[in-house]
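Quick notes on the structure that follows.
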Amino acid sequence: MARKVVLLLLLALLTVPTLVGIAQEPQGLPVEVPGGRENLWVFDRIYRLPTEANWNIWKSGIHTAFFHALMHETFWNRDQETGEFIHALAAGDPVYNDDFTEMSVDLRQGVRWTDGEEFNADDVVYTINALMNSYPGGTQSGWSVQLDENGASVEKTGDFSVMFSLGKSNPRFHTLFESRWNGIYMMPSHVVAEVEASMAEGESLSDWHWDAEDMVVLGNYLPIDWDENGYWQLFQRREDPENSLAGIITGGSGPPYALGIWYGNENIKKAIAMSRGELDVYFDVDIESFETTLDTTPTARSWFTAFPWAYPNEVSSRAMSFNLEGDPLLANKDVRWALALAINIVELQTEYIGGIAKVTPFNIPPTPNLYRLYHEPLEQWLIDLQIDLGDGEMYNPYDPTVPDQIAAWAEDYGHTVPGTPRDVFGSGWWNFDTDAAAKLLEKAGLSRNGSGQWLTPEGEVWSLDIQSDPSENDAYRMGQAAADMWSDFGIDVNFITLDRSTWTQNHRVGAFEASTPWQSFALASGDMWPNVRGYHSRYYAPSGEDYNPLGGNSLRRQQETRLDELIDAMEGINPVSQEEENLALAHEFVKHWVENMIDITTIAFKKFVTWDEKYWTGFPTSENPNYQPLYWFMGGKFAIQNLHPTS
Amino acid sequence: MEKSLITVYPAPYYILAFVLLTAFTFYLPIFPPIGGARGTAALTWEYITSVLHHGFLPALCIVIGATAHRFIMAKALTTTEKSSDYVQYAQMAALPQRKILLFYVTRNTLLPQVTDLSLSLGALFGGALIAEFVFGYPGIGTTMYTAINNGEYRLFNRQF
């Protein structure tokens, strides 16, 4: 009897899944498209978006991730490795007058909206005026504030040329239209003007809800279906891909359909999905999941075919940042320095990150160009830098041998290091010296109890909250490493995992003590002002208030006169004709930031952006770096458009 | 069979969830690793089977553990019932063993079993946080997890 029951159960267990499974080919994809998998490119959508159905991307607070490359355009893209301009909707470089109060732009001809209308100067004029006047609730990326600050206006000087007039001299005005992540997205004036005209009194474009079926874009794809829970989104290629910008530049048409899927925060699911042929590219995973992919998907690869595999030159870096208005102890630079010296960077980079990323002691990634402009000239200053441990004891915190230590670890691990340690592993970093860190905390008034825990000057156990978002696994692991090391050092650390949307919102209103954001002070070209202008005190927002509508970046809630002076000085300099003066000011900015340890920057970005060539080929690689592989950036559109079927 | 069930019974269901995930999405990839259904919600055969398909593994991992528990409970209840006076009386009356087991003992052991099963069915629909997390299933457990992560206390409280 019992045997029969067991057999029946086993039979049911095997039959039901098999029958249901057969009825559901292919198994894991949420939608089917005509032509099947050979017509569908599946990408990792990085994180779950809560606002799937509103495509009014110009509105403040609308997420842009991964779909702006598929749909939107601006004047220029910046090559992330060389720093060179890629002309997008602009036909050439920006042309300024002598005092940088006017900028003329010639527009590319022949780029068409998906409804067949040609992009022209009317679209530019309408977009700028709409951003400045029709979004009282604020715009994407603080564009309206920046246009206002520049006293900008625009006029049409021909069907395919415009001229911007500025209320003040600004040799970098064009950076508003230059995309690394994004730049001012152009609007279809013939569509949005009608929408605006039909709105009720008191309504504005801030209230506009753009439905997918009404969309008209310049990019190659339009959204046709999505999951209300935010797990996936399906895009269809436009009927005339040759008239999209990426079609004109690459000559390719791209896959007929593109499907973005969020596989959750467990990286291994991306590896599983790729092994099943249900994911063509993922943006990043942890080292363990990447190794699983190599083992289970023979057609998959990342930027390099061997160690260190990952794409190393995304222009950004990971940092432990602090709300300087949160825990009062964190407003003390000695405490921040103590936290830096309590981190073992070699262990962080190897045991937590897998030895892949480049180390950097400040918020500039050591890409070949930026290493030459920043890390190399500042090396001696870093070696000579001294901090006061208290009682007049001066201390040199910088350790230039860090890349050599990581290289030794890699060789012990059986890897071949393809280049010098500094080429592969970046620059030096701070000593791991808990004795020096302890002296700094004691200098700040902290003490230790009998269990080795650090006590605040008031005699309470010092507790530190770190918030992190797991969708960026390097930042998350950096946070975990810091939490582990600071706990070992005697700090009561509480590591908090948050979804991206909440984590971002907490940043904006200062609802955190320590967090794991990313940034680069410098553009790929080396110019600093566009990336640090937002740190000026004029954009300061106190904790509890959202800094985003102010048009700057008050993440840390810092107000520093010295930084303001340097930002103001940089603003008045032409980054091209006065390159040396510009760079000297930028170096001073870095020095001030480091001396005060405003952030604890650890590593540059590495991305295991990994491609499976089972269905699609033509992805950029280190051997064929035709386009940047970062498909979620606006400039990622070129790599997508350049794909062609493997078969 | 009893040994197998005693082995399965104490194992936390999320361990089973990982075993099922690995077995049926990787080694024998017949189930999806994430999601609750295919396509847009509609009253079609395709959509309904896709809901079953996506929900099968999360439900299975909960059911297997609970089933083991119920088998063991059933055995304990049966043993108790078999020593009851009415069973002894039935044996003395020379009723067939099969009849005693099916029509007397089983019926009496079913009462607490059915009650327990009915009460536990609600758990399947009320949200199984870990199972839904492991399988990326967008159910109430996932909503609860998101609410916890995002500090949405009102949403969290509403789920009880």
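Things worth noting here:
- Scanning the range A:600-647 for residues that are in contact with a His (Cβ under 6 Å, 6 or more places away or on another chain) and either surrounded by fewer than 23 Cβ atoms within 10 Å (Cβ to Cβ) or charged (D, E, K, R) (or both) turns up just one, A:Gly618.
- Residue pairs whose Cβ atoms lie under 7 Å apart, separated by 6 or more positions or on different chains, with the first residue in the range B:28-40 and at the interface with chain A (Cβ under 7 Å from one of its Cβ atoms) and under 19 Å from A:Asp225 (Cα atoms) and the second part of a loop (DSSP other than H, G, I, E, B) and among the β-branched types (Val, Ile, Thr), are B:Arg38/A:Val31; B:Gly39/A:Val31.
- Hits in the range B:41-55 (condition: more than 8 Å from chain A (Cβ to nearest Cβ), under 21 Å from the mean Cα position of the chain (by Cα) and without any contact (Cβ under 8 Å) to a residue 12 or more places away in the chain): B:Ile48
- Filter pass, A:Asn582 being modelled with pLDDT of 95 or more, over 23 Å from the mean Cα position of the chain (by Cα) and among the polar types (S, T, N, Q): yes
- Condition broken by A:Arg372, with the remaining ones in (1) without any contact (Cβ under 8 Å) to a residue 24 or more places away in the chain; (2) farther than 25 Å from A:Val609 by Cβ; (3) under 26 Å from the mean Cα position of the chain (by Cα) satisfied: (2)
- Conditions (1) surrounded by 17 or more Cβ atoms within 10 Å (Cβ to Cβ); (2) over 21 Å from A:Pro366 (Cβ atoms); (3) at pLDDT 95 or above: number failed by A:Phe521: (2)
- Test for A:Asp469: is it touching a strand residue (DSSP E or B) at 6+ places or on another chain (Cβ under 7 Å), at pLDDT below 95 and within 20 Å of A:Phe608 (Cα to Cα): no
- Candidates A:Gly110, A:Gly83, filtered to the one that is in a loop (DSSP other than H, G, I, E, B), modelled with pLDDT of 95 or more and surrounded by fewer than 22 Cβ atoms within 10 Å (Cβ to Cβ): A:Gly110
- Members of the range A:169-227 found to be in a loop (DSSP other than H, G, I, E, B), among the acidic types (Asp, Glu) and in contact (Cβ under 8 Å) with a residue 24 or more places away in the chain, listed by number: A:Asp211, A:Asp227
- Long-range neighbours under 6 Å by Cβ, at least six apart or interchain, first residue farther than 18 Å from A:Glu325 by Cα within the range A:550-574, second in a helix (DSSP H, G or I) and polar (S, T, N, Q): A:Gly551/A:Gln146; A:Asp564/A:Ser537; A:Ile573/A:Asn582
- The range A:137-168, subset among the small types (Gly, Ala, Ser) and outside any loop (DSSP other than H, G, I, E, B), residue surrounded by the most Cβ atoms within 10 Å (Cβ to Cβ): A:Ser144
- The number of residues in the range B:1-17 being facing chain A (nearest Cβ under 10 Å) and either more than 25 Å from B:Met73 (Cα to Cα) or among the aromatic types (Phe, Trp, Tyr) (or both) comes to 0.
- Count - residues of the range A:442-468 that are under 18 Å from A:Asp488 (Cβ atoms), hydroxyl-bearing (Ser, Thr, Tyr) and in a loop (DSSP other than H, G, I, E, B): 1
- Qualifying positions in the range B:56-67 - crowded, with 18+ Cβ neighbours inside 10 Å and within 11 Å of chain A (Cβ to nearest Cβ): B:Phe56, B:Leu57, B:Leu60, B:Ile64
- Residues of the range A:261-271 classified as facing another protein chain (nearest Cβ under 7 Å) and in contact (Cβ under 8 Å) with a residue 12 or more places away in the chain, total: 1
- Residues of the range A:224-244 that are over 16 Å from A:Leu643 (Cβ atoms) and either within 14 Å of chain B (Cβ to nearest Cβ) or of a type in the set (A, V, I, L, M, F, W, C) (or both): A:Ile224, A:Asp225, A:Trp226, A:Asp227, A:Glu228, A:Asn229, A:Gly230, A:Tyr231, A:Trp232, A:Gln233, A:Leu234.
The values are calculated or read from the model by the stated rules, or taken from the named source; none is laboratory data. As the structure is a prediction and not an experimental result, all values here were calculated from the model. Cβ sites come from the backbone with ideal geometry, for glycine too, and all protein chains shown count toward neighbours.
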